[in-house]
1. Within segment 7-43, track down each residue that is surrounded by 17 or more Cβ atoms within 10 Å (Cβ to Cβ) and modelled with pLDDT under 85.
2. What pairs come out if I take residues in segment 225-243 that are closer than 10 Å to residue 192 by Cβ and part of a loop (DSSP other than H, G, I, E, B) and pair them with residues that are within 14 Å of the ligand (Cβ to nearest atom) and of a type outside the set (Asp, Glu) whose C-beta lies under 6 Å away, six or more apart or interchain?
3. Give me the strands (runs of 3 or more DSSP E) completely within segment 291-377, filtered to those with at least 1 residues that are farther than 20 Å from residue 35 by Cβ and at pLDDT 70 or above, ordered by residue number.
4. Could you look through segment 55-67, keep only residues that are more than 13 Å from the ligand (Cβ to nearest atom) and in contact with a helix residue (DSSP H, G or I) (Cβ under 8 Å, 6 or more places away or on another chain), and pick out the one that is modelled with the lowest pLDDT?
5. Which number in (1) within 24 Å of residue 226 (Cα to Cα); (2) part of a loop (DSSP other than H, G, I, E, B); (3) at pLDDT 80 or above marks the one condition that residue 79 misses?
6. For segment 138-153, name all the residues that are assigned to a helix (DSSP H, G or I) and surrounded by 13 or more Cβ atoms within 10 Å (Cβ to Cβ).
7. Hey, does segment 267-279 have a residue that's within 26 Å of residue 8 (Cβ to Cβ), within 23 Å of the chain's Cα centre (by Cα), at pLDDT 70 or above and part of a loop (DSSP other than H, G, I, E, B)?
8. Within segment 17-59, count every residue that is under 21 Å from residue 211 (Cβ atoms) and part of a helix (DSSP H, G or I).
Amino acid sequence: MEDSITVCQDTEEVIDVIRRMITERSLYQNSDDAFYVMDMGYQVKMVDQWKRLLPKVYPYYAVKANPDPVLLQIFAKMNFGFDCASLHEIQTILNLNVQPSRIVLLLRLCTKGLTDSITGPMADKFGCPRNETSHLLTLAKNLDLKVVGVSFHVGSLGATADSAEVYARAIEAAKNIFSEGRALGFDFEILDIGGGFPAKTTVNYSTLDFNEVVNIISMSLDNEFGNDGTFQVIAEPGLQFAMPSTVLVANIIGKRRKPSKGDPMSDESGMGFDYFINDGIFTSFLKYALVPDVTPVVKPVAQIYANVPSHTCRIWGQSCAGNDVVVQNCKLPEMNVGDWLFFTGNGSLYTTRSITSASPTSNPLCGFVHLCKSDSE
Ligand SMILES: *Cc1c(COP(=O)(O)O)cnc(C)c1O
């Protein structure tokens, strides 16, 4: 694991590290495999922000967002909790010597309908509608079940983009459910405000500002619960950590020119290119195949001078599958086989390992370089 960690100079930019890693990997490992660069300084800064901005909310990192072992170790050392979704994730976290009490595995309130603007898989797939909570609580009481709290998730990937108010509405609803539950004699111990927190990234993730979300959450908790210290408030941030901090670097292994004018892949000069890279939708780009409204952002690793013309192109994955298209339509200067491309905002895409691996020791799909810088932006 050590040799996956690289310490860089404060003056070095991520692109400099990418170029250096390409050279080093080629010289010392004879490798032109695709790899990731993850900025660990960003993670540390975000953990600090959480502690400073939301001191009353205990964060549990959603492991499925990116189960990278170095990232998990940093969270473990910085006293984060872990939100696990499978036995394998629980085992991974226990192997880091994390106290089981720091792992959370919970009535989930559906945030859809609480404001007009909520859409998206998290808010759609899980949770019970507000008008069913009384019935469910009574049912739980009759069945002698123990209900310990309320959780909600406002939705990932820009689902909350319209308004941070959804957190206020959900916390207000949670307060009413707490009252109903307590009236029935339940000891409510937990309010889980879920994930879906925004982060600045180069992909179209969310237009919400984290500071605004934080202010609304703090105000709502104060308004609804005041000094009620009888329960714990937790959150489950995932993509906010995983997504903006990671860059995928891939090599061009094939090229095809599409010269015919009128072809939708050709630009005005009649030139268009297909490029094939050594990664694809079955590995790093799985998430993009699942979330079609988010498109990867791609750039050449080599320095491009202003006067070099760019051409319309399509980027294909390396598999034999006909639908393995990574980017349908983008503009790049003419590239050649052996050249490198990098994709930003890819951190959360490295998730197939947590979803598919039956074995905890399965190999990573790609190399992973962890970048540590003392003054990370
Ligand atoms: C995926 C998930 C999260 C993390 O959501 P983000 O949108 O990545 O912040 C939190 N809680 C649960 C239960 C999840 O399944």
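The values are calculated or read from the model by the stated rules, or taken from the named source; none is laboratory data. All values derive from a computational prediction rather than experimental measurement. Backbone-built Cβ (ideal geometry, glycine too); neighbour counts: all protein chains shown.
1. Result: 8, single match.
2. Qualifying pairs under 6 Å: 236/60; 236/62; 236/194; 236/195.
3. Result: 310-316, 325-333.
4. Among those residues, the one meeting the criterion is 56.
5. (1)
6. 140, 141
7. Yes, some residue in segment 267-279 is within 26 Å of residue 8 (Cβ to Cβ), within 23 Å of the chain's Cα centre (by Cα), at pLDDT 70 or above and part of a loop (DSSP other than H, G, I, E, B).
8. So the count comes out to 13.
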